[in-house]
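Each remark here refers to the structure printed beneath this line.
No value in this document is a laboratory result; all are computed from the given coordinates. Computed from a predicted structure; not experimentally measured. We place every Cβ from the backbone using ideal geometry, glycine too, and count neighbours over all the protein chains shown.
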Amino acid sequence: MRSGREPARELIARLASEFTELPGGVTSIGDGPLDWPGYEDQLTRATERTGEREAVVCGVAVIGGTTTVVVAFEFGFLGGSLGTRTGTLIEQAFSHARSLHLPVVSLVMTGGSRMQEGTPTLLQLQRIARQIALTREAGLPHIAVLRDPTTGGGWATLGAGADVVLGLRGAQVGFAGSRVRPPGYSVTQQFAAGLVDQLVPPDELRLRLERWLQLVTTPATEAEVPQALGASTLPETGWEAVQRARAPGRPRAAAYLGAYFDWHEPISGDRCGGVDSGVLCGFGHRNGTTVAYAAQCGSATRPAGFRTAARLVRLADRLGIPVLTLVDTPGAANDAAAEKAGVGAAIADMFTAVASARVPVTTLLIGEGGSGGALAFAAPDRLWATPDSYLAVISPELAAAILKRDPSQVRATADQLRLRPQDLAELGIAQLAQATDQATAM
């Protein structure tokens with residue numbers, strides 16, 4: 001068996017403990033809108049071979065205790081192609097999900113639009129896109145699983161248009177199929193380009209879906225402030241605050257996420273062709289509920305990092321899930337590549353996402369807070385600072401250089417910038433984060 005290539009009903013049986021197919025399925029076979037010669041015979045043979053009367057099986061399933069609507073493609077039925085009747089079944093499935101306020105899981109495996117039905121089948125993409133838009137508007141999550149292959153309109157709507165995109169390892173995924181542009185584009189390449197959230201081995205799909213469905217359906221009320229993991233005493237000078245924040249051994253975002261969540265699942269990529277490994281985004285399980293997170297990891301944040309974080313905030317806001325952001329960056333990347341990739345617009349996008357969020361956004365400053373690249377991740381009224389962090393309009397070194405001060409004045413400049421955690425508290429910018437018992441003992 002190739003990557004995930006199994007009959008739709010067998011896959012559903014492997015993933016779900018219960019499944020009820022939706023009524024209103026296809027009851028007749030005809031020549032289609034173009035009266036394509038031999039098309040009726042092709043449909044008949046496809047039904048005899050698969051036992052299905054169309055290329056999708058739709059119904060209500062229970063996956064890991066969460067009830068969801070499932071749209072599963074049957075590749076054995078004319079290559080899982082999208083026809084006019086396929087569009088009808090998918091439309092019914094999404095409409096049913098909205099009527100019951102259920103999430104949708106699309107198990108996509110398709111060669112694209114069905115040529116025997118011509119342009120009318122192409123119009124199904126608009127029809128499906130409309131259903132995705134209405135489901136988003138209703139605040140319901142849509143998770144897509146990319147199977148082998150996922151090409152054409154199926155990738156450009158149900159696949160790439162989902163909130164969370166899981167790709168089965170080894171799958172061919174791309175707008176052009178292998179017969180159009182051999183050898184085809186792989187899911188690994190799509191992941192590297194920031195278009196797929198996770199690569200999943202086929203035998204791990206059930207567990208991953210169970211976790212994701214739990215995450216997107218159990219929102220917390222707000223994100224609690226994490227405890228400080230590093231130093232427990234406040235820095236005496238501004239330069240000491242800077243040196244602490246830059247210390248290699250200081251706890252970083254991964255340590256905070258590990259301590260804060262029972263478990264978490266990442267999302268990846270900005271959906272524009274970029275990935276920033278210095279920004280971690282995703283959803284985590286904490287005390288039975290879900291909190292979304294966007295965390296800087298201490299490096300200069302690149303445009304893809306800001307865009308991925310903005311995508312995370314907007315998705316969490318739409319699903320009613322509170323957000324935790326961790327700030328730790330010397331600033332936004334400002335090299336030629338970052339400027340060409342639109343770093344200014346990307347920072348603006350993140351500022352706007354946080355400013356417009358209706359869910360609570362909680363921010364913990366855990367290290368360096370360099371200028372607007374750091375502030376873009378920060379909630380205006382819910383900002384806490386750890387003892388080994390700082391937030392400044394600019395680094396002391398650059399401030400001294402811009403003001404044409406002697407390099408020996410860098411330390412004095414750090415004090416004048418009032419960037420220490422206690423300075424931020426006195427200025428009403430942030431509150432001081434409580435240290436853990438372990439940190440207190442340090």
For a paramagnetic label modelled at 7 Å from the Cα of residue 218 toward its Cβ, which residues of the range 273-292 fall within the zone defined by backbone nitrogen distances under 19 Å? 282-292
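Report, in debye and to the nearest 20, how large the dipole of the chain comes out about its Cα centre when Lys and Arg carry +1 and Asp and Glu carry -1 on their Cβ.
Details: 39 positive and 43 negative charges, 104 e Å.
For this selection, approximately 500 debye.
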What length, rounded to one decimal in nm, is gained on full extension from residue 247 through to residue 122, with 0.36 nm per residue of separation minus their alpha-carbon distance? 39.3 nm
Take the chain, connect every pair of alpha-carbon atoms lying under 10 Å apart with a spring to form a Gaussian network, then pick out the residue of 91, 74, 48 with the largest mean-square fluctuation. 48
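Looking at the chain only, what percent of DSSP beta bridges run antiparallel? Nearest 5 please.
Working: 26 of 65 bridges.
If we restrict to bridges inside the chain, about 40 percent are antiparallel.
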Please rank 20, 68, fewest neighbouring Cβ atoms within 10 Å first, as an exposure proxy. 20, 68
Neighbour-count order for 60, 327, fewest beta carbons within 10 angstrom listed first: 60, 327
Using the count of nearby Cβ atoms within 10 Å as a rough guide to exposure, how do 58, 272, 297 rank from fewest to most? 272, 297, 58
Kindly provide the trypsin sites (Lys or Arg not before Pro) of the range 383-442 that DSSP labels as loop, not H, G, I, E or B, and whose Cβ sees at most 15 other Cβ atoms within 10 Å. 404, 405
What is the spin-label model distance, in nm, from residue 49 to residue 409 if the labels are put 7 Å beyond Cα along the C-beta direction? 7.9
Mean Kyte-Doolittle of at least 0.0 and a Cα length of 15 Å or more along the axis: which whole DSSP H helices of the chain meet both? 205-216, 303-319, 343-356
For the chain, what is the calculated [θ] at 222 nm in deg cm²/dmol (nearest 500), taking -39500 (n - 2.57) for each run of four or more DSSP H residues and dividing by its residue count? -10000 deg cm²/dmol
